[in-house]
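Asks: My structure is below; once you've seen it, I'll send some questions.
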Amino acid sequence: MWWKKKEAKKEEKEEVKEENFLKELCGDDAKLYKFLSHYLYENPLTAISTKDLDSLTEEAEKSGNFSPALDKAIFESTRNPGERERYIKAIQNLASKTIQATEQEKEKAGKAGLTDRVSSLEIRIENHRFLLERTEDVINIASTFYKEKLLELGEEEKREERGKEKKTAESDEWRKGQLEEAEREARKKERKKMGREERREAEKQDKIEELAAEERKEARAEERREAEREEQRIGDMEEAERESRRKERRGN
């Protein structure tokens, strides 16, 4: 279906945009980019648990799955720069426990002859060793990345709200048009029952009403045009702000 193709192209474009942004942040550090491309989220607000870090850590201790807690720790570290050292320790602690749990899982998989599983677990161990070594670098890039993503999500939320308001206004305008048309038809039927002089007077009043309706219609059209100009102005301003942030990052 055409709309599915359109949506797929949009998602592909967003993925490329995200990839380029992350590459820009990582520069020539290919290892850091490779790691972060698998551990950062386009929308952290929906991808990362809303539970607090302590609860997620407690759950991880029981389940052996430390990924949700690690994701939370990395994200929270970017939002609480004043507690940087606390989060560095938390991330390194979770990474170490992930390595330990994965080593045990790898040993079992090896004994069971699960070669592919062993290979994937070795990659996980390697990734978390990298996180242990480069925790501060990960936090630095994640901070800029998530800050930009949250700003973009805020802009998107506002655009969606304006889109809803536009649809409501269009729906209201359609209903007004339908009501005016119904009123005109009703007046036509009434005129057929009138005498000549009374009909003539009613026709004069109808013309006055039609002119007024046309003025109202034009006023609503101008409101639409003004709303479109305002949306364009907001879009231009947001793009200018994004470009300003890009220049600031490059300057840093």
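Asks: What pairs come up if the first residue lies in region 136-154 and is hydroxyl-bearing (Ser, Thr, Tyr), the second is surrounded by 15 or more Cβ atoms within 10 Å (Cβ to Cβ) and assigned to a helix (DSSP H, G or I), and their beta carbons are under 7 Å apart, counting only those six or more places apart or on different chains?
Replies: Close Cβ pairs satisfying both conditions: Ser143/Thr78; Thr144/Leu25; Tyr146/Pro44; Tyr146/Phe75; Tyr146/Thr78.
Asks: Additional query: Looking at region 217-248 only, could you name the residues that are among the basic types (Lys, Arg), exposed (fewer than 13 other Cβ atoms within 10 Å of the Cβ) and over 21 Å from the mean Cα position of the chain (by Cα)? Can you show your working first?
Replies: From region 217-248, those among the basic types (Lys, Arg) are 217, 220, 224-225, 229, 233, 242, 245-247; that's our starting set.
This time we only want the ones that are exposed (fewer than 13 other Cβ atoms within 10 Å of the Cβ), so: 225, 229, 233, 247.
Listed by number, the residues that qualify are Arg225, Arg229, Lys247.
Here's the yes/no breakdown for (1) over 13 Å from the mean Cα position of the chain (by Cα); (2) assigned by TED's automatic domain parsing to the domain that holds Leu36; (3) surrounded by 13 or more Cβ atoms within 10 Å (Cβ to Cβ):
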| position | (1), (2), (3) |
| --- | --- |
| Ser143 | yes, yes, yes |
| Tyr146 | no, yes, yes |
| Ser171 | yes, no, no |
| Ala182 | yes, no, no |
| Arg191 | yes, no, yes |
| Met194 | yes, no, yes |
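Asks: Restricting to region 123-161, what's the tally of residues that are closer than 19 Å to Tyr33 by Cα and not polar (S, T, N, Q)? Step through it out loud before you land on a result.
Replies: At the first step, the residues of region 123-161 found to be closer than 19 Å to Tyr33 by Cα are 123-149.
Narrowing further to those that are not polar (S, T, N, Q): 123-126, 128-134, 136-139, 141-142, 145-149.
Total satisfying the criteria: 22.
Asks: Does at least one position in region 102-120 carry a residue that is loosely packed, with under 13 Cβ neighbours inside 10 Å, more than 26 Å from the chain's Cα centre (by Cα) and either on the phi > 0 side of the Ramachandran plot or not assigned by TED's automatic domain parsing to the domain that holds Gly27 (or both)?
Replies: yes
Asks: I've got another one for you. Conditions: (1) among the polar types (S, T, N, Q); (2) modelled with pLDDT of 95 or more; (3) over 28 Å from the mean Cα position of the chain (by Cα). Thr57 meets all but one. Number of the miss?
Replies: Exception for Thr57: condition (3).
The values are calculated or read from the model by the stated rules, or taken from the named source; none is laboratory data. Just so you know, these numbers come straight off a predicted model, no measurement behind them. Cβ: placed from backbone, ideal geometry, glycine included. Neighbour counts: every protein chain shown.
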